[in-house]
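Data first, discussion second: the structure below is written as structure tokens.
Derivation of every value follows stated rules applied to the coordinates shown; laboratory data play no part. What you see is a predicted model; the values in this text were computed from it and never measured. Here the Cβ positions follow ideal geometry from the backbone for every residue, glycine too, while neighbour counts run over all protein chains shown.
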Amino acid sequence: MQKNLLSFKLCSLVIIFILFLPIACKKGDSDPAIPKENILVLDKTTVTPGDLVKVNYELPKDKSSWEMLIGEKKVTLTKIDDTTAAFLVPVIPSGQLNLDFSIVGAKEKPTLTISAYSPITNPDQVKDAYLAQLDDAITDVSSTEDANTLTVFKETFKAKYAALTDTEKKELAFVLQKLNFDMPDISEQAIHTKSTNGLGIDVPAKFNSDQEYRAGVIAYVGLATESMALLALSAEAIAAPTGYTQVLGLAGLGASFYTFKKALDYKKVLFAYNGQNKQVINLKILLSGQNSNTKTAEAVTTAEPEFVFQTGVQRSFNVSSAYQGVSIADEKSTNAFFRNIVLVTNKATSIYNGVVKAVNRIKSWFSGDPKLIELASGIATTPTEETRNSPANLIKIENVSDPEIKITYTTVADILKITATGNVKDIHTFTFDVVYSYPAMGISNRKKITAKYEPKDGLGWYAGDYTLAMPSALSLIQGGPDLGKKGSFYVYFYYNEKTLGYNSVFYAKSILPGIPNIIGSLWVADIRDPQLTFGGGGWEYILGNNILKKFEFGPLYVARNEKLTTIDRTETSYTGSLSDCDGGCKYSYEPFVNAPYQGKTAPSTLTAAELKAINDFIAAGGSGKTITF
């Protein structure tokens, strides 16, 4: 038996039903009422004996079945609900027939084509194949009570089948060979972990994503829809007076009871998952190397995080959303996908309970007690709710407010990776919509995000420290007692509107006596050069022709919007010097800089006086000189 592909011949109906699930139509209050035309339609028009044909029509409410002719054979047209009935195609010669449905008030006489088919010469072989599937179903159902019911159906079927004539057995065989105990063939069926023993229909142990949930809904609706028609038809058949019809009903009950119970297994998993996205709450920033978990529930915070995008720098996020499960309220929902879950559940439950009543009325007719009991729908009165991360591939970015800023994004599992680029030079505040979009479930929710775009132009503040390192072997004085000691170091890159060029100012705080704090400028060609380095600079105390003190920095390497570092001495002849030889050489170090990027705003570690001195230096056009502070 195939495990994952459903092949009972109601596929056409199931597919038609599913296609209309995501479509929600709401009539405006001012729209005129348009009478709905009642036209009879068959779900299939080309058949062979044993096929189940569904009839869509608004049926009379006073009866549950009608007798009609298909060719020369009387068949029962069984009501499934107020707009659906079904019949089994009898064994009649191939050819075309115009069916008369005037018994239910229909004027249409649709054409039914009986395709060419081969007679069944060995009905017992077909019967044995059916019983083998029934044995697998008995093994596969999830409770001993259900296994008992199917066993009673099986033993009663075997006893009643033995009393049929050879002609009746051959006619029944056409129906039996169409009763497959499998799932309808559903497109986009998700791959789930098997929870069965390898027999029958595999039901997932749980759903792990919104996409798996949708596939599960389709599987559930398909199974419930399949079982409804055959349950109703079978219940009508076992109440009939003839032995053949009763055996036919028993056979149908075996298959439809099994598929209905597997639908209930699906429903249990379905109702345990909160699959309806009700609101996109916010983006959740993921730090570098941080893992995320789609199923981790998060508390909703009221604080709005600050979203800053630098040019070309990819940032990772989760999209936090509020979800809820199916509830009774969904019966009146404007969302057709979730409304149909409730409608199908209620309809299938009602039909099943009708079958229970029919079977219990003729209990003595069975070989044992089927022990059927009526069921509740299981639909929650109040929906369950949770907050979790949405699958990133269901997220879109729309409505970027600034046309100069372009947003691109990629997805991995529940991680949304966003990159911003643009032609703007200054920090811009802009907005964009994060949209959870799942048209297949009729859902589209959005959250407007306010963010800052910070051009990755290298401009702004770099702040860190310099470390006193051992000088090169060429130095007369090697180090001193303060090796490894650190001092504060700041650099500010800016665009000079007067010179139309890029400038920088640095501020180094002394950590040694006799050496002042210094503010100076460093030559910069263009901070946007990806291989940028700039010349050294600093302060010297000269007496006569002798340099007695130095506080100088050698060339630095700029990783734009990342950090400044001293170029290794293997790449430059001069890495800077901090020395004191006034009154005798006391020490000599090389200051090695490591200053990470801080952004466009001055670091809070600068005092007001220090920041004023730096700004005054810039305003005075201090390029090319150094001052003490």
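How much length is gained on full extension from Ile362 to Lys63, taking 0.36 nm per residue of separation minus their Cα-Cα distance?
Length gained between Ile362 and Lys63: 105.6 nm.
Sorted by average packing, counted as other Cβ atoms within 10 angstrom per residue and highest first, what order do 140-152, 210-222 take?
210-222, 140-152
Please give the FRET efficiency for Lys74 paired with Gln125, using the beta carbon to beta carbon distance and R0 = 22 Å, rounded to the nearest 0.05.
0.20
Please compute the length gained on full extension between Thr83 and Ala240, using 0.36 nm multiplied by the number of residues separating them and subtracting their Cα-Cα distance.
Full extension of this stretch gives 54.2 nm more.
With 28 Å as the limit, write out which pairs from Lys44/Lys74; Lys160/Lys267; Lys74/Lys160; Lys206/Lys406 have Cα-Cα distances beyond it, or answer none.
Too far apart for the 28 Å limit: Lys160/Lys267; Lys206/Lys406.
Points 7 angstrom from Cα along the Cβ direction at Thr410 and Asp433: gap in nanometres?
2.6 nm
Rounded to the nearest 20 Debye, what is the dipole magnitude of region 49-131 about its Cα centre when Lys and Arg each give +1 and Asp and Glu each give -1 at the C-beta?
Dipole of region 49-131, to the nearest 20 debye: 120 debye.
Projecting each Cα onto the charge dipole of region 78-144 (Lys/Arg +1, Asp/Glu -1 at the beta carbon, about the Cα centre), which of Ala86, Tyr117, Gln96 comes out farthest on the positive side?
Towards the positive end, the residue furthest out is Gln96.
Taking 31 Å as the cut-off for C-alpha to C-alpha distance, list the pairs among Lys563/Lys612; Lys170/Lys268; Lys284/Lys600 that go past it.
Lys170/Lys268
So for the pair Cys585, Glu497, with labels modelled 7 Å out along Cα→Cβ, what separation do we get in nm?
Those two pseudo-labels are separated by 4.9 nm.
About its Cα centre, how strong a charge dipole does region 76-170 have in debye, to the nearest 20, once Lys and Arg get +1 and Asp and Glu get -1 at the Cβ?
460 debye
Ile427: net charge of surrounding residues, Cβ under 14 Å, Lys/Arg +1, Asp/Glu -1, itself excluded?
Around Ile427, the charge tally is -2.
What FRET efficiency, computed as 1/(1 + (r/R0)^6) with R0 = 30 Å and r the Cβ-Cβ distance, is obtained for Thr419 and Thr334, rounded to the nearest 0.05?
Computed FRET efficiency for Thr419 and Thr334 comes out at 0.25.
Taking +1 at the Cβ of each Lys and Arg and -1 at the Cβ of each Asp and Glu, which of Ala376, Ser321, Asn393 sits farthest along the dipole of region 318-410 towards its positive end, judged by Cα position relative to the Cα centre?
After comparing all options, I get Ala376.
Can you order the peptides 82-90, 551-559 by their average number of other Cβ atoms within 10 Å per residue, highest first?
Ranked by mean Cβ neighbours within 10 Å, highest first: 551-559, 82-90.
Can you give me the distance in nm between label points at Ser350 and Ile627, each placed 7 Å from the Cα along the Cα-to-Cβ direction?
For Ser350 paired with Ile627, the spin-label model returns 8.8 nm.
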